[in-house]
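Below is one structure, written out as structure tokens, with a few remarks after it.
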There are 2 protein chains.
Amino acid sequence: MNIMSEGYEVAILGATGAVGTRLIQQLEQSTIPVSKIRLLASSRSAGKKLQFKGEDVVVEEAKPESFEGVDIVLASAGGSVSKKLLPEAVKRGAVCVDNTSAFRMEPDVPLVVPEVNEKALYNHHGIIANPNCSTIQMMVALEPIRKAFGLKQIIVSTYQAASGAGQSALNELYSEAQDYLDGKEMSADIFPTKGDKEHYPLAFNLLPQIDVLEDNLYSHEEWKMIHETKKIMLGDMDDPKIKVTATCVRVPVPISHGESIYIEVEDKENASVEAIRKLIDEAPGAVLQDDPEHQVYPQPINATGKRDTYVGRIRPDLENKGAFNMWVVSDNLLKGAAWNTVQIAERLVADDLVEVK
Amino acid sequence: MNIMSEGYEVAILGATGAVGTRLIQQLEQSTIPVSKIRLLASSRSAGKKLQFKGEDVVVEEAKPESFEGVDIVLASAGGSVSKKLLPEAVKRGAVCVDNTSAFRMEPDVPLVVPEVNEKALYNHHGIIANPNCSTIQMMVALEPIRKAFGLKQIIVSTYQAASGAGQSALNELYSEAQDYLDGKEMSADIFPTKGDKEHYPLAFNLLPQIDVLEDNLYSHEEWKMIHETKKIMLGDMDDPKIKVTATCVRVPVPISHGESIYIEVEDKENASVEAIRKLIDEAPGAVLQDDPEHQVYPQPINATGKRDTYVGRIRPDLENKGAFNMWVVSDNLLKGAAWNTVQIAERLVADDLVEVK
């Protein structure tokens with residue numbers, strides 16, 4: 001079969017959400033030849049019309065049978081939906097790229113940032129997991145450094161955008177902000193995390209909780225950054241070779257996460273700011289924005305809508321040789337979600353890892 | 001002379017600014033007996049009426065002669081004003097507590113956080129410097145830990161409020177936010193830093209630059225956090241005993257700075273989350289807000305208007321024994337500026353270090 005003329009049948013699961021609408025966009029702009037698109041969502045959204053490449057597509061309720069004939073599934077409808085439906089899609093011969101955390105830590109599920117561990121795709125069993133947004137951009141920035149100089153330790157503090165919690169959370173940030181500016185009390189129903197007991201305003205505030213706080217005192221988001229980093233860079237979620245610790249904070253920014261990252265490299269003799277700048281400048285998916293003299297550094301308002309990860313403020317720790325600080329920003333809905341998912345699908349297609357039915 | 005009945009003549013330099021108005025407030029609520037108050041500002045604000053303890057006070061233009069008869073000066077009118085006028089005040093016998101960075105690094109000027117190094121006040125020569133806002137709250141949180149377990153290294157990432165750049169900057173944040181919500185373009189004239197070449201919006205954005213970026217690639221704010229910490233804790237701005245590095249970021253929050261702090265202690269055997277929680281709970285000026293089960297942790301909206309420094313999210317680095325993460329929030333205009341300044345003046349009075357004329 002000539003796939004270039006026929007193309008792939010692609011289903012987007014969770015097509016109406018903040019990530020879902022961007023999955024449609026990114027797929028439209030991708031190199032994947034699409035013969036048919038299916039937009040799937042909950043029964044609540046079924047019947048709604050969306051567009052794909054200028055044509056109307058009616059959203060269907062996602063059911064096991066929805067995946068009949070589908071070659072590629074791009075999923076972003078929440079962990080429980082993925083857990084229930086993706087095995088059904090695999091059973092029907094589809095390859096699934098899942099943007100939820102449902103399967104990320106299963107040993108036989110590749111967790112992939114194409115710039116880092118594309119090769120892991122060759123071991124897939126029908127499901128490939130897309131990492132957490134805050135992990136992905138850190139991987140794009142640090143992988144070139146790891147390859148050149150090795151990494152001993154990563155200490156990261158995040159400045160995460162509201163949209164990471166979904167479209168309704170983003171709307172809540174805006175309505176809270178307007179209430180605050182009008183001198184009204186802010187009401188909070190979503191942040192810090194939808195399923196938790198207490199809710200606090202995010203507008204003009206900072207919330208040092210993303211996802212639930214666990215018994216080990218870390219939030220689940222922090223846990224993800226630690227273990228996903230190890231799985232992506234080292235192939236094992238508990239590999240002690242690179243020490244990782246994280247503090248995740250939600251900030252009143254709509255889109256694009258910021259990260260203050262401190263690293264200690266193995267090759268202390270050869271690592272330098274100049275060398276790291278050169279590595280970032282040449283790295284796929286990364287853009288160097290590091291010109292202190294002209295006040296050039298990554299900012300969320302400039303990164304939003306872009307696929308790249310922006311890196312700047314690279315500085316040596318003045319008292320600890322081989323350690324560096326840097327500031328990394330990327331669109332959490334694109335490289336942190338929709339683009340990385342579509343990019344994985346592109347690599348699956350390019351590497352001939354999807355069987356066309 | 002019975003100072004308790006007579007009291008001190010106090011001048012507030014820069015009385016009309018964001019910190020100045022809070023200096024008036026904090027002085028009203030302080031234990032210092034005030035016999036007379038002088039409110040000084042630039043010629044632009046002269047003639048304006050403010051209140052002190054319910055009485056109208058006319059703002060006067062600050063001149064060298066303004067300090068005749070003054071016992072205590074509380075200054076927050078900018079570095080160049082302090083440089084010019086405080087030596088004049090000292091010449092006239094006043095003791096000055098300066099909230100600017102003008103004298104902080106002079107070896108014979110004590111740089112004081114009363115909870116940490118009150119004793120340094122005994123060596124004053126007329127001027128005492130109030131540290132930078134972001135440094136002060138870190139000192140309140142870390143000093144009890146340093147005393148109990150020793151500190152090897154501090155790695156801090158800040159989330160700093162707009163008001164740290166003054167009242168006009170705070171107004172700019174609000175007007176930018178309203179423009180953004182109205183779908184208009186945001187115009188920026190102040191952030192990241194008034195005197196610099198480029199200006200970027202702060203509303204719904206993050207700016208990894210506070211104060212100017214220097215040749216060593218650090219911002220001047222980061223430089224301050226490094227060297228002020230050493231001077232306050234160790235008595236010498238270049239003491240290598242505690243390694244300090246910092247990344248300072250401005251966030252779209254009006255008041256109260258957040259800080260994600262990573263520390264490595266010397267006594268790795270005895271330091272624990274429980275021990276650190278107990279130390280913070282008993283420390284002067286610090287309040288423990290660390291109950292993950294009930295989602296209790298420091299937030300700017302709760303810290304604003306309070307004198308204390310709030311500490312929470314205390315966690316062990318799971319892979320590096322003796323290292324801990326924590327999250328610290330305090331009102332940058334109170335403990336970070338006005339309250340610490342008045343608190344120093346209270347200690348000067350209590351320790352009999354001000355001569356009444």
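The values are calculated or read from the model by the stated rules, or taken from the named source; none is laboratory data. All values derive from a computational prediction rather than experimental measurement. Glycine gets a Cβ as well: all are built from the backbone with ideal geometry, and neighbour counts include every protein chain shown. For accessibility, only protein heavy atoms count, side chains too; no ligands or nucleic acids. Shrake-Rupley method; radii C 1.70, N 1.55, O 1.52, S 1.80 Å.
Just subtract the alpha-carbon distance of A:Gln29 and A:Lys119 from 0.36 nm times their residue separation and send over the number in nm, one decimal. The partial results should precede the final answer.
Details: separation 90, 0.36 × 90 = 32.40 nm, distance 2.36 nm.
Separation in residues times 0.36 nm, less the Cα-Cα distance, equals 30.0 nm.
Averaged over the residues of peptide B:251-261, the number of Cβ atoms from other protein chains lying within 10 Å of each residue's Cβ is 5.
Residues with beta-carbon under 11 Å from that of A:Ile127, excluding A:Ile127: net charge, scoring Lys, Arg +1 and Asp, Glu -1? For residues surrounding A:Ile127, the net value is -1. The charge dipole of the protein assembly as shown, taken about the Cα centre with unit charges on the Cβ atoms of Lys, Arg (+1) and Asp, Glu (-1), comes to about 240 debye, rounded to the nearest 20. Selection among B:Leu142, B:Ala165, B:Pro192 by position relative to the dipole of the range B:135-332 gives B:Leu142 as farthest towards the positive end (Cβ unit charges, Cα centre). The charge dipole of the range A:201-314, taken about its Cα centre with unit charges on the Cβ of Lys, Arg, Asp and Glu (plus for the first two, minus for the last two), comes to roughly 320 debye. Each Lys and Arg adds +1 at its Cβ and each Asp and Glu adds -1 at its Cβ; summed about the Cα centre, the range B:126-264 shows a dipole of about 660 debye.
Which order do the peptides A:91-99, B:234-242, B:146-154 come out in when sorted by mean C-beta neighbours inside 10 angstrom, highest first?
Working: A:91-99: 22.7, B:234-242: 14.0, B:146-154: 18.2.
Order by mean packing, descending: A:91-99, B:146-154, B:234-242.
Interface residues of the range A:205-240, defined as those losing at least 40 Å² of solvent-accessible heavy-atom surface relative to the isolated chain (probe radius 1.4 Å), are listed as A:Asn205, A:Leu206, A:Pro208, A:Leu213, A:Leu217, A:Tyr218.
Listed values for the range A:332-339 are Karplus-derived 3J(HN,Hα) couplings in whole Hz (6.51 cos²θ - 1.76 cosθ + 1.60, θ = phi - 60°), namely 5, 8, 9, 4, x, 7, 4, 5, and x replaces Gly and Pro.
For the segment A:153-160, counting C-beta atoms of other chains within 10 Å of every residue's C-beta and taking the mean gives 5. Can you find, among A:Ser66, A:Val10, A:Leu27, the residue sitting farthest towards the positive end of the charge dipole of the range A:1-77, where Lys and Arg contribute +1 and Asp and Glu -1 at Cβ? Result: A:Leu27. Here B:Tyr174 sits with roughly 60 square angstrom of accessible surface, probe radius 1.4 Å. Computed from phi, the 3J(HN,Hα) profile of the range A:128-138 under the Karplus parametrisation 6.51, -1.76, 1.60 (θ = phi - 60°) reads 10, 9, 8, x, 5, 3, 5, 6, 4, 5, 5 Hz, with x in place of Gly and Pro. When chain B is turned onto chain A, its residue with the beta carbon nearest the axis, and that distance in whole angstrom, is B:Ser157, 2. Accessible surface area normalised per residue over the range A:106-190 is 35 Å², counting heavy atoms of protein chains with a 1.4 Å rolling probe.
Return the average number of partner chain Cβ atoms within 10 angstrom of each residue Cβ along peptide A:295-307. Mind showing how you got there, number by number?
Values: counts 11, 2, 7, 2, 9, 4, 10, 2, 0, 2, 0, 0, 0.
Across the residues of A:295-307, the mean count of other-chain Cβ atoms within 10 Å is 4.
Here the 3J(HN,Hα) profile of the range B:295-308, calculated from phi with Karplus coefficients 6.51, -1.76 and 1.60 at θ = phi - 60°, is 6, 9, 7, x, 9, x, 4, 8, 7, 5, x, 10, 7, 7 Hz, Gly and Pro shown as x. To put it simply, the accessible area of chain A at a 1.4 Å probe is 47 percent carbon and sulfur.
For A:Leu217, no residue has an amide H sitting under 5 Å from its own, ignoring neighbours fewer than 5 places away on the same chain, with H placed 1.01 Å from N.
Counting only residues at least eight positions apart within a chain, or on another chain, the lysines with an alpha carbon under 19 Å from that of B:Lys224 are B:Lys83, B:Lys152, B:Lys194, B:Lys241, B:Lys243, B:Lys335. Ranking of A:His199, A:His257 by solvent-accessible surface, largest first: A:His199, A:His257 (1.4 Å probe, protein heavy atoms only, all chains present).
Interface size, chains B and A: roughly 5800 Å² of accessible area buried, both sides included, 1.4 Å probe, rounded to the nearest 100.
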